[in-house]
Amino acid sequence: MTMNWKSKALLSLTIPGLITIFQACNHQPESANAVYEQKADSIIKLMTLEEKIGQLSLFTSDWDVTGPVMNNNYIELIKEGKAGAIFNAYTVDYVRKLQKVAVEESRLHIPLIFGYDVIHGHRTIFPIPLAQACSWDLESIEHSEQIAADEATAEGINWTYAPMVDITRDPRWGRVMEGAGEDTWLGSQISATRVKGFQGDNLAANNTLLACVKHFAAYGAPEAGRDYNTVDMSMQTLFGNYLPPYKAAVDAGVGSVMTSFNEINGTPSTSNAWLLNNILRKQWGFSGFVVTDYTSINELIPHGVAADSADAGKLAINAGVDMDMQGNIYNKFLASLVKQGKVSEKTIDEAVKRILVAKYKLGLFSDPYRYCSIEREKTEIMTPEHMTFARKFAARSCVLLKNKNNILPLSSSVKSIAVIGPLADAKQEMLGSWSAAGDGNKCISLLEGVKNALSPNTKIIYEKGCDINDNSTANIAKAVSAARSAQVVILALGESRDMSGEAASRSNIDLPGVQQMLAEAVVKANPNTAIVLFNGRPLTLTNLDAIAPAILEAWFGGTEAGNGVADVLFGKYNPSGRLTMTFPRNMGQIPIYYNHKNTGRPVDPSKVEKYKSKYIDCSNDPLYPFGYGLSYTTFDYSNVVLDKNEYTANDTIVARVSVMNSGKVNGEEVIQLYVRDVVGEVTRPVLELKGFKKVFIPAGQSVTVTFTLTPNDLKYYHSNMDYSWDPGVFEIHIGPNSAQTKMARFTLK
Ligand code: BGC
């Protein structure tokens, strides 16, 4: 007779009370939280203090490095009941092996949760999240998370450290690649969408993941764009601009929250009781569990708020942190803190309960191997459907920045083409940062994508030209002669994938190395050059824009990047991406974002006046504004029409605009609606995005779109932190980007 994990575990029981656990988990979990809480309580009663603390401890396996290298003997810890969850371990075999230790060799047989950074795909890698946001395509974003969940759960994972929803206004910060960009409203929509995509309707389904919104809070606002640096901001900015995307995830039912590394106004997030207990739990009603970021509790010491590790542990648990990621602080110090009366056992019990409830929700108590199906691992990874979707999504995430004389799309009947540049034949780079279990060898490079798109009769010449980031100009001459010998040139420039992501801030966001020099030489040799950029952040492209006939921002498109980008270059897909982060003209303009305040001395670009809020050596405008992106067709906007000029509290504000595709090819337009509150109790941004519609418009046709708003959409945080709207004059702006809108005014009474 073969024994399953439960029968083996039951045989090994020596405490009669333990039977309760199995009574509690012999059937499928009901949906009601209260039932899970009761079950969790019955387990907690049987636990020693050390076992409880074990549930609060998360350790990395040695499979992947996502933080400082630690040497934990995690298998031993699992056996001793000192680990409640493991991350960076995947594949059915390995997860099964570790889970078996937990449910058969630890005293209480409590299953582990398995976490991983499934950020933009698991094996099939999709465009980096910033690129996905530029698609303004919530449906595709959700679908990509469903696929990611499908693949990750087929390899044993049941918890992802995503979505990352940190708003950012500073492209120097390397982690801008991982979020949705600078806008709060759009970021909030995307945040909720990702949670829905990962978690689905049923966390216990074997193909959904428990999501973890991060990094709470305001991690995207480090001073000078330097990762992990200090965050200091007003309450209006924190609540109005930075917190809403985390709240949106909570409202969408996210199961866990990760604290951020940074401090906010003097208190690190990981010891911030106001943030975790008050805002997150009391005000927002979050009932899931809170995990730290990697060794964040330990970092309370260098932050200068904890004297030693024990002190750090005390601060974190009392602030509402349930799970210690990789720090081993809870395991080492919590028990004695309880014995000394510095931490109450009730606090520990509450944290344990939240984690056990998550395990019930995931269905792990009824089947700890629920996510360990060899069959699914064989059949659900990198399927043709996943790859087809990845290709489409890579194309949909591209943003066309410049297209002088309609040099793009290129004709696929071209006789000869030179594919040049350090990112042209760079499969590995296509993954971007945070690429989970993605395999660079399986990525399609741009060169391969171009070859796939053209007939074998086309002459394709490849030259690297230079490296991504060194000073050698030795190969530029070869690139120039390749450019001369071809009808058209595709020049692939940008960053390496490790130049963005965690701990990858740059103080200079120009094109690295000698790439600008390469571009100048190639464009001079052949003006029929289209530049394709692969990068993880906005770059300062003023010099490139000055010489380039065409620029396509392709970001890092993932596994199918090369095919997706080729679809755009050869006109199989008409680009529809729009920037969700402003591209500055130079580094001195940073931080730069569209929803800035007006100041008392706003500049009037048509006049030269000295005492205005401006630079004397550069305009205030960015190179490419938020919302910007071109198409192979053109769109003409009508004036904005409102259904009334005056509204009252219970009214709906209806705004209409007609958009005509005035070009020769079909295309999609992202019609954007912004609001300006002309007079506020505190100063208000010059524009705030409040809606968009992505619509397909056939050539020569026009569509009328309708937006509806209510006064609720006009609320903001007043000086006393009251969240309400004021009567007065408002402007509605509608257009193709934040710098090019048509406006109508109304009064709210
Ligand atoms: C990152 C998190 C990530 C964690 C686990 C940290 O260094 O900041 O975003 O989830 O590592 O890999």
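For Arg96, the accessible area of its heavy atoms, probed at 1.4 Å with every protein chain present, is near 90 square angstrom.
Evaluate the relative contact order of segment 291-341 (contact order divided by residue number), counting alpha-carbon pairs under 8 angstrom at least 6 apart; express in whole percent.
44 percent
Heavy-atom accessible area with a 1.4 Å probe sorts Lys459, Lys715, largest first, into Lys459, Lys715. For Lys664, the lysines whose Cα comes closer than 26 Å to its Cα, not counting residues fewer than 8 places off in the same chain, are Lys392, Lys402, Lys404, Lys415, Lys572, Lys693, Lys694, Lys742. How much net charge surrounds Ala530 when only other residues with a Cβ under 13 Å from its Cβ are counted (Lys, Arg +1; Asp, Glu -1)? Neighbourhood net charge equals +1. By a 1.4 Å probe calculation restricted to protein chains, Asp349 has an accessible surface near 40 Å², given to the nearest 10. Note on Asn73 and Glu385: their simple-model spin labels are 4.6 nm apart, each label 7 Å out from Cα toward Cβ. Of all the Cα-Cα pairs you can form in segment 30-143, what percent are over 22 Å apart? Within segment 30-143, distances greater than 22 Å cover 49 percent of Cα pairs. Taking each residue as 0.36 nm, the span from Thr542 to Val679 lengthens on full extension beyond its C-alpha to C-alpha distance by 45.8 nm.
Counting heavy atoms of the protein chains alone, Glu105 has an accessible area of about 100 Å² for a 1.4 Å probe. In summary, the convex hull built on the alpha carbon positions of the chain has an orientation-averaged projected area of 34.3 nm². Determine, at each q value in 0.09, 0.18 (inverse angstroms), the log₁₀ of I(q)/I(0) that the Debye formula gives when each Cα of segment 590-749 is one equal point scatterer. Those come out to -0.35, -1.15, one per q. What is the distance, in nm, between label points placed 7 Å from the Cα along the Cα-to-Cβ direction at Ile460 and at Lys415? It works out to 2.0 nm between the two label points. Which whole-number percentage describes the relative contact order of the chain, with Cα contacts under 8 Å and a sequence gap of 6 or more? With pairs under 8 Å counted, the relative contact order is 13 percent. For segment 416-533, the mean projected area of the C-alpha convex hull, equal to one quarter of the hull surface, is 7.6 nm². The gain in end-to-end length when the Thr48 to Lys332 segment is fully stretched comes to 100.8 nm, 0.36 nm per residue minus the alpha carbon separation.
What ranking of Thr153, Thr706, Thr66, Thr379 comes out by heavy-atom accessible area, probe 1.4 Å, highest first?
Details: Thr153 0, Thr706 50, Thr66 25, Thr379 75 Å².
Output order, biggest surface exposure first: Thr379, Thr706, Thr66, Thr153.
Under 5 Å from the amide H of Lys459 lie the amide H atoms of Ser416, Ile417, each residue being 5 or more positions distant or on a separate chain, with H modelled from the backbone and absent for Pro and chain starts.
In segment 233-329, carbon and sulfur make up what percent of the accessible area (probe 1.4 Å)? Using a 1.4 Å probe with all protein chains present, segment 233-329 comes out at 48 percent carbon and sulfur. For Lys359, the lysines whose Cα comes closer than 22 Å to its Cα, not counting residues fewer than 8 places off in the same chain, are Lys6, Lys8, Lys39, Lys45, Lys52, Lys79, Lys82, Lys97, Lys100, Lys196, Lys214, Lys346. With R₀ fixed at 51 Å, the C-beta to C-beta distance from Asn406 to Asn265 puts the FRET efficiency at about 0.50.
Excluding ligands, DNA and RNA, what is the solvent-accessible area per residue of the chain at a probe of 1.4 Å, expressed in Å²?
Per residue, the chain has an accessible area of 37 Å².
With the convex hull drawn around the C-alpha atoms of segment 45-103, the volume per residue stands at 80 Å³.
Computed over segment 59-217, the P(r) tail beyond 23 angstrom holds 41 percent of alpha carbon pairs. Inter-label distance, Gln740 to Thr66: 4.0 nm, where each label sits 7 Å from its Cα along the C-beta direction.
When the residues Met323, Met382, Met517 are ordered by accessible surface, computed with a 1.4 Å probe over the protein chains alone, the sequence from largest down reads Met517, Met382, Met323.
Here the contact order of segment 134-212, divided by its residue count and restricted to Cα pairs under 8 Å and six or more residues apart, works out to 44 percent. Per-residue extension of 0.36 nm, minus the Cα-Cα distance of Thr652 and Lys664, leaves a gain of 0.6 nm for this segment.
Counting only protein heavy atoms and a probe of 1.4 Å, the accessible surface of segment 478-571 is 46% carbon and sulfur.
The values are calculated or read from the model by the stated rules, or taken from the named source; none is laboratory data. Small disclaimer: the values here were computed from a predicted structure and weren't measured. Using ideal geometry, Cβ is built from the backbone for each residue, glycine included, and neighbour counts are taken over all protein chains shown. What goes into the accessible areas is simple: the full protein's heavy atoms, side chains included, and nothing from ligands, DNA or RNA. Shrake-Rupley method; radii C 1.70, N 1.55, O 1.52, S 1.80 Å.
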